[in-house]
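Enquirer: Before I ask anything, here is the structure I am working with.
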Amino acid sequence: MPKVNRLMTLYTLVITSISFLIFTNVEAAEPFGAYLGEFNGVPAYSNCNFSCTTCNNYCHSYNYIDGVYIGRKWQCVEYVRRYYLLRYGLDLASRYSGDARTWYDHAIIMGLNRYHNGGSTAPQVGDILVSNYGNSFHVAIVRSVSNNQVCTIQQNFSNTRTDVNRCLRLTILNGHYTLYGFKKFIVKGWLRSQSLVTVTNPLLQ
């Protein structure tokens, strides 16, 4: 085999190997509406954003529960609203209809207190984490808290099963709590209901 051909063959093998390593480590989104898991009986579904190949008009439909507007399927905001309605009986959408980008600044309208990341109030289960990467914002529900990490459930982040238990590093220094973000997303802070009471909802039975 001529030397040039051998070099081309070697080059092709190297590029193929690199591509395999890269693409096999990229999370592939589940189909739109696929069940990803749940927390406290509230299921999360795939929005199949960007990489979805089976998405259709249902991607732009809206979710209602007993006539109560929840949000667009299956956005991050839709999950947080649905969780708060089913778990706490709080209809957040009726109080404020803005997207995730505006939640932190309009928390009081929804009856939520806000606590900035790095402050003296620790995150707790049921809090709403607000994060952003540039102009892209994301909200998630805290499902567990330890002395070194906070785990969350959400929709429309990776749209894989990792969305139902994505954990973030937590540091505590001099009574201040700092959460490190979702990949490139920086945690701005967390929101908490001013009157958080768990309800027994028949839809969760």
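Enquirer: With respect to the numbered conditions (1) within 22 Å of A28 (Cβ to Cβ); (2) at pLDDT below 95; (3) acidic (D, E), which one is the sole condition not fulfilled by E38?
Expert: Checking E38 against (1) within 22 Å of A28 (Cβ to Cβ); (2) at pLDDT below 95; (3) acidic (D, E), the one that fails is (2).
Enquirer: Take the residues in region 97-156 that are of a type in the set (F, W, Y) and not in a strand (DSSP E or B), then tell me which one is farthest from R169 (Cα to Cα).
Expert: Of region 97-156, the ones of a type in the set (F, W, Y) are 103-104, 115, 133, 137.
Add one more test, that the residue is not in a strand (DSSP E or B), and what stays is 103-104.
Numbers: W103: 23, Y104: 21 Å.
Among those that are of a type in the set (F, W, Y) and not in a strand (DSSP E or B), it is W103.
Enquirer: Considering only region 76-99, state which residues are closer than 19 Å to K188 by Cβ and at pLDDT below 95.
Expert: G98, D99, listed by residue number.
Enquirer: Test each condition in (1) in contact with a strand residue (DSSP E or B) (Cβ under 6 Å, 6 or more places away or on another chain); (2) surrounded by 20 or more Cβ atoms within 10 Å (Cβ to Cβ); (3) not aliphatic (A, V, I, L, M) for F157 and report the one that comes out false.
Expert: (1)
Enquirer: Still on this structure: List, please: which pairs have Cβ atoms under 6 Å, are six or more places apart or on different chains, and start with a residue in region 173-187 that is closer than 18 Å to A100 by Cα and end with one that is at pLDDT 95 or above and in a loop (DSSP other than H, G, I, E, B)?
Expert: Short answer, once both residue conditions are applied: V187/N117.
Enquirer: Turning to a different aspect of this structure: Go through region 17-33 and count every residue that is small (G, A, S) and either at pLDDT 95 or above or in contact with a helix residue (DSSP H, G or I) (Cβ under 8 Å, 6 or more places away or on another chain) (or both).
Expert: Just the residues of region 17-33 that are small (G, A, S), to begin with: 17, 19, 28-29, 33.
Okay, now just the ones that are also either at pLDDT 95 or above or in contact with a helix residue (DSSP H, G or I) (Cβ under 8 Å, 6 or more places away or on another chain) (or both), so 33.
The qualifying residues number 1.
Enquirer: Then there's this: Scan region 160-181 residue by residue and report those that are outside any helix (DSSP H, G or I) and either more than 13 Å from N117 (Cα to Cα) or out of contact with any strand residue (DSSP E or B) (no Cβ under 7 Å at 6 or more places or on another chain) (or both).
Expert: Passing the criteria: T160, N165, R166, C167, I172, L173, N174, G175, H176.
Enquirer: Among the residues of region 103-139, what is the count of those that are without any contact (Cβ under 8 Å) to a residue 24 or more places away in the chain and either under 20 Å from C167 (Cα atoms) or hydroxyl-bearing (S, T, Y) (or both)?
Expert: 1
Enquirer: Checking the conditions here, which among R101, R169, R114 is over 19 Å from V42 (Cβ atoms), surrounded by fewer than 14 Cβ atoms within 10 Å (Cβ to Cβ) and basic (K, R)?
Expert: On the way: R101 fails: surrounded by fewer than 14 Cβ atoms within 10 Å (Cβ to Cβ); R114 fails: surrounded by fewer than 14 Cβ atoms within 10 Å (Cβ to Cβ).
Going through R101, R169, R114 in turn, just one is over 19 Å from V42 (Cβ atoms), surrounded by fewer than 14 Cβ atoms within 10 Å (Cβ to Cβ) and basic (K, R): R169.
Enquirer: Continuing with the same structure: Among the residues of region 67-89, write down those that are part of a loop (DSSP other than H, G, I, E, B) and either touching a residue at least 60 places away in the same chain (Cβ under 8 Å) or under 9 Å from N47 (Cβ atoms) (or both).
Expert: Taking region 67-89 as the starting set, the residues that turn out to be part of a loop (DSSP other than H, G, I, E, B) are 67, 73-75, 89.
Answer for region 67-89, where residues must be part of a loop (DSSP other than H, G, I, E, B) and either touching a residue at least 60 places away in the same chain (Cβ under 8 Å) or under 9 Å from N47 (Cβ atoms) (or both): K73, W74, Q75, G89.
The values are calculated or read from the model by the stated rules, or taken from the named source; none is laboratory data. Note that this is a predicted model, so its numbers are computed, not measured. So basically every Cβ, Gly included, is an ideal-geometry build from the backbone, and we count neighbours across all protein chains shown.
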